[in-house]
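Reviewing the structure listed below.
The values are calculated or read from the model by the stated rules, or taken from the named source; none is laboratory data. Values in this document were obtained by computation on a predicted structure and should not be read as measured data. Neighbour counts run over all protein chains shown; Cβ positions are idealised from the backbone, glycine included.
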């Protein structure tokens, strides 16, 4: 039922207002280490990309790495993680995945 805004976009705020009106909105405060980045324009998308790249370079960690999450939660095995690392072995991402292996 959500209609595009004057900018022609579907706005997350409109969706949240719908959940609030329905009484189904659940809110959690984002703690330290989380950031909300609006990427609705070309410039803000570039800013977000630069932000993520800077964090990766300075902290040596990937942002939003599904393999890492799955591995840490025990949802994928060492073998599966090794296969994913092998797939991307020529990239920094592949090297990062390989570095997460415990065994």
Quiz item: Among (1) exposed (fewer than 11 other Cβ atoms within 10 Å of the Cβ); (2) modelled with pLDDT of 90 or more; (3) in contact with a helix residue (DSSP H, G or I) (Cβ under 8 Å, 6 or more places away or on another chain), where does residue 23 come up short?
Solution: (3)
Quiz prompt | Residues of the stretch 1-17 that turn out to be farther than 20 Å from residue 36 by Cα and surrounded by 10 or more Cβ atoms within 10 Å (Cβ to Cβ), as a count | solution = 3
Quiz item: So is residue 98 within 19 Å of the chain's Cα centre (by Cα), outside the structural domain of residue 10 (by TED's automatic domain parsing), assigned to a helix (DSSP H, G or I) and more than 30 Å from residue 14 (Cβ to Cβ) or not?
Solution: no
Quiz item: Among the residues of the stretch 50-62, how many are surrounded by fewer than 12 Cβ atoms within 10 Å (Cβ to Cβ) and over 14 Å from residue 98 (Cα atoms)?
Solution: 6
Quiz item: Which residues, counting only those in the stretch 17-44, are in a helix (DSSP H, G or I) and more than 18 Å from the chain's Cα centre (by Cα)?
Solution: 17, 18, 19, 20, 21, 22, 42, 43
Quiz item: Is at least one residue of the stretch 15-28 assigned by TED's automatic domain parsing to the domain that holds residue 1, over 30 Å from residue 1 (Cα atoms) and out of contact with any strand residue (DSSP E or B) (no Cβ under 7 Å at 6 or more places or on another chain)?
Solution: no
Self-check item: Yes/no for residue 38 being at negative phi, loosely packed, with under 11 Cβ neighbours inside 10 Å and at pLDDT below 90
Solution: yes
Exercise. Could you please tell me which pairs satisfy a Cβ distance under 7 Å, a separation of 6+ or placement on different chains, a first residue in the stretch 8-27 that is over 18 Å from residue 41 (Cα atoms), and a second residue that is not in a loop (DSSP other than H, G, I, E, B)?
Key: 25/16; 25/19
Quiz item: In this structure, does residue 47 turn out to be farther than 30 Å from residue 101 by Cα, in a helix (DSSP H, G or I) and either outside the structural domain of residue 97 (by TED's automatic domain parsing) or at pLDDT below 95 (or both)?
Solution: yes
Quiz item: What is the number of the single condition among (1) loosely packed, with under 12 Cβ neighbours inside 10 Å; (2) over 16 Å from the mean Cα position of the chain (by Cα); (3) farther than 30 Å from residue 9 by Cα that residue 76 does not meet?
Solution: (1)
